[in-house]
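The values are calculated or read from the model by the stated rules, or taken from the named source; none is laboratory data. Since this is a predicted model, take the numbers as computed values, not measurements. Cβ atoms come from the backbone with ideal geometry, glycine included; neighbour counts cover every protein chain shown. Protein only, heavy atoms only, side chains kept; ligands, DNA and RNA dropped before computing areas. Shrake-Rupley method; radii C 1.70, N 1.55, O 1.52, S 1.80 Å.
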Amino acid sequence: MNFTKTTEQSSKYEHLEKMSIKELLANINQEDKTVPYAVEKALLQIETLVTQIVIKMKLGGRLFYIGAGTSGRLGIVDASECPPTFGVPFDLVNGIIAGGDIAIRRAVENAEDNATQAWNDLQEQNITENDVVIGIAASGTTPYVIGGLEACNENNIITGSISCNAESPLSKTAQFPIDVVVGPEFVTGSSRMKAGTAQKLVLNMISTATMIQLGKVKGNKMVDMQLSNSKLIDRGVKMIMGEIPVSYEEGAALLKEYGSVRKAVASYNVK
């Protein structure tokens, strides 16, 4: 198989330790600017995967991200932000990391090399054919992730992937792969940099586009967001004021009574 890990190729910058802080920041920024263009080239792949996710979620399915290290953490971040942002159940979008929750904060030795553990982890979540599993691995070679997708394929579960190397083993395993080729990192092999940024951008697109398709946004507003702090309550009141002719105080009272922007606006409109 002709496969080159561009994420592991040597940085085009030499003697980083001799650069000034200004030079370091400017050069990192220069590399970061290339990431959205790499994501743009993968838009059709992203669209194809999101289409499958929406179909399955409308049938009652869930979305799972599996990954190791930085990739696993990014999946957990995206999953954990869906309930407060879109008001969905906490188990609709799920992030699973090799090594378990302890690996969120510190590396668990050899966890990513276990090719059978991801399927065990997914079975603990009662995975079904209505669910979709996305494997995340910058290298595209992580055994934990590849093994998990292989097991899903064998059990008629839709699989997707996010990798930063073209034609990777992970991409060849996933039914709906996404390849965002960002090239060598500023610090050679440090895939938490451009590759991590690319993965975060793609995850944002996947979850946001899916939730909009599921009706969790009205206009451009997060009308189902959880009102978990003063900032979000204030935002909710202003959303209500933008939808119906009420004062701030009236909007706040409606929000307190009904618990969400959507319900508050709907209650006013039926009066």
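Table for the structure above
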| quantity | calculated |
| --- | --- |
| Cleavage-rule hits, chymotrypsin sites (Phe, Trp or Tyr not before Pro), the stretch 6-90, DSSP coil, Cβ neighbours within 10 Å at most 15 | F90 |
| Filter on K41/K194; K5/K41; K56/K200; K221/K256 - keep pairs with C-alpha separation over 20 Å | K56/K200 |
| Karplus-derived HN-Hα couplings along the stretch 223-229 (A = 6.51, B = -1.76, C = 1.60, θ = phi - 60°), whole Hz, x at Gly and Pro | 6, 10, 4, 6, 8, 9, 7 |
| Range in the chain, longest, excluding exposed GluC sites (Glu not before Pro) [loop by DSSP; at most 16 other beta-carbon atoms within 10 Å] | 168-271 |
| Descending semi-axes in Å of the chain, equivalent ellipsoid built from Cα gyration tensor | 37, 24, 16 |
| Long-range HN-HN contacts of Y65 with modeled amide H, under 5 Å | N94, G95, I96, I134 |
| C-alpha long axis of helix 248-258 to longest principal axis of the chain, angle in ° | 80 |
| Degrees, to the nearest 10: 143-154 long Cα axis against longest axis of the chain | 70 |
| Rounded accessible area per residue of the chain, 1.4 Å, Å² | 51 |
| The chain - percent of accessible surface contributed by carbon and sulfur, probe 1.4 Å | 52 |
| Exposure of R262 as accessible area (Å², to 10), given a probe of 1.4 Å and all protein chains | 90 |
| Solvent exposure ordering (accessible area, 1.4 Å, most first) of R106, R73 | R106, R73 |
| Prolate/oblate/rounded call for the stretch 1-147, Cα gyration tensor, a/c under 1.5 rounded | prolate |
| Amide H within-cut-off set for I178, under 5 Å, with H built and near neighbours excluded | S161, I162, S163 |
